[in-house]
Amino acid sequence: MGKEQLQVLSALDGAKTQWYHFTAIIIAGMGFFTDAYDLFCISLVTKLLGRIYYHVDGSPSPGTLPPNISAAVNGVAFCGTLSGQLFFGWLGDKLGRKKVYGITLLLMVICSIGSGLSFGHTAKGVMATLCFFRFWLGFGIGGDYPLSATIMSEYANKKTRGGFIAAVFAMQGFGILAGGTIAIIVSTLFKAWFDAPPYNVDPLGSTVPEADYVWRIILMVGALPAALTYYWRMKMPETARYTALVAKNAKQAATDMSKVLQVEIQEDQSKVEEITNAQRHNFGLFSREFLRRHGSHLLGTMICWFLLDIAFYSQNLFQKDIFSSINWIPKANTMNAIEEVYKIARAQTLIALCGTVPGYWFTVFLIDKIGRFWIQLLGFFMMTVFMLGLAIPYHHWTTPGNHIGFIVLYAFTFFFANFGPNSTTFIVPAEIFPARLRSTCHGISAAAGKAGAIIGSFGFLYAAQSQDKAKVDHGYSPGIGVRNSLFVLAGCNFLGFLCTLLVPESKGKSLEEISGENTGDSETNNSATHNGTLPPV
């Protein structure tokens, strides 16, 4: 039979939406704002880096980053993120969510500034320094994934928990939008102050010396939102679920949440010890019991996030290449260096404004009505459809006058990524695992996603190269082309659709009902099913 819930947890589950909910969303969400800004702003400046540091005298086209350098600059932050997700996810369960929450933010602030201050006497030196700081920036960003998701899920009430976690993640959309907006502002100002001819008129003069400040400023601005929220993160109390169910301190949990909820909550140390000392709640991550109860769930969250990020990060990081291939952005040799930054930023900001940001907020408002399972299933299906809609008539989209249709379909793939698996893969792992393993399992799921992002960012770089040797970027080998790459990404989305069947629905249930922490053994496996009804009590 189900056990009676601890009063402090029942109070959280039944709490009305209050100011502290919005405070938690903003404090946790600003981390994701910074995460998105820092991870995606690099795609706005990579072409500029190529012009500044890899100019080739006499070349008919501007300098570009060599394949290995481009792959490192684009992908090294993801390697750091993957490591950070695993490390801080584990640490969040061992030491507590709050104790390590500030460390991730400090890393982001220091390394954002360090990225912009990358130094060196040679191009190789500057790129090596940039990659060093971006790895550790990614490490801090990685920690923010499991900690922010877990903290928000453990603070929220069960009725609107999905919307609150989604709102934290939705700040990612504003971060992407802010990255494009800052790039537009900086490039516009520098273009007005330091006018330059196009590359085909004056190859050397098209990249003014001051252009070196443009990419540095864009990268360093990412430190501001993280720095502004550090104090407030340190003021947040530890979550009651960690304090009670992991640290086993009923008095502290009741005291903290009495202040937060502004109600009197009685401590119940004996009940805490009864729940936490029960044999069925002491299994570890690498135990048969975990495999029996949650093995398929962890496999499902890992695979879905992995497949989603292959497609999602390929699209985000290489928008500029896709837009160039359909002639939406002018050819590089018809622009100067700063003008190219402006055109790329304008295109990516438009996509974020029309497709990316709305998708996140559709999820926020509908996830607790429709449910996680159906939103993820719909998202993967529609992404597959729109990817095929881009790929099958690809030659039609590349002819003059047809690029608007391509942009519309492309924006819809982002819309259904965010009103779909990009949001739900973040939300569900923070809900379906036991408190003492929640942060770790979220970190493992997120790390699987970043493995997909690494494949997407490195693989698409080579795969999207033209099959025609004459059209291949300098230093690259012929690839399968953008059209065939879109078919591959559509295949990833369809596999994600199928693997969603492994992921349970968690709508409308308390975290303890979902994970089985307040149930007997016989009920545990029934507490997380695909329907949204509560188990009997």
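With 19 Å as the cut-off, how large is the P(r) tail for the range 78-231, expressed as percent of Cα-Cα pairs?
63 percent
Mind jotting down a quarter of the surface of the convex hull over the alpha carbons of the range 14-65, in square nanometres, one decimal?
Averaging across all directions leaves 5.2 nm² for the Cα convex hull.
Given K124/K191; K16/K259; K248/K369, which pairs have Cα atoms separated by over 24 Å?
With Cα atoms farther than 24 Å apart: K124/K191; K248/K369.
Could you check how many percent of all C-alpha pairs in the chain are farther apart than 31 Å?
For the chain, the share of Cα pairs beyond 31 Å comes to 45 percent.
Quick one: helix 481-499 against the long Cα principal axis of the chain, what's the angle to the nearest 10°, folded into 0 to 90?
Orientation of helix 481-499: about 10 degrees from the principal axis.
Computed from the mean reciprocal separation of all distinct C-alpha pairs, what Kirkwood hydrodynamic radius does the range 13-159 have, in Å?
16.8 Å
Rounded to the nearest 10 degrees, what's the angle between the helix 357-370 long axis and the longest principal axis of the chain, both from Cα atoms, 0 to 90?
20 degrees
Probe radius 1.4 Å, ligands and nucleic acids left out: which of W90, W361 has the largest accessible area, and how do the rest follow?
Largest accessible area first, the list is W90, W361.
I need the per residue convex hull volume for the range 25-111, using only the alpha carbons, in cubic angstrom as a whole number.
Cα-based convex hull of the range 25-111, divided per residue, equals 92 Å³.
Over 30 Å between Cα atoms, which of K251/K450; K47/K235; K98/K507 qualify?
K251/K450; K47/K235, as the Cα separations exceed 30 Å there.
Per residue of the chain, what 222 nm ellipticity follows from adding -39500 (n - 2.57) for every DSSP H run with n ≥ 4, rounded to the nearest 500?
When only DSSP H runs of four or more count, the value is -23000 deg cm²/dmol.
The values are calculated or read from the model by the stated rules, or taken from the named source; none is laboratory data. What you see is a predicted model, and the numbers here were worked out from it, not measured in a lab. All accessible areas refer to the heavy atoms of the entire protein, side chains included, with ligands and DNA or RNA removed. Shrake-Rupley method; radii C 1.70, N 1.55, O 1.52, S 1.80 Å.
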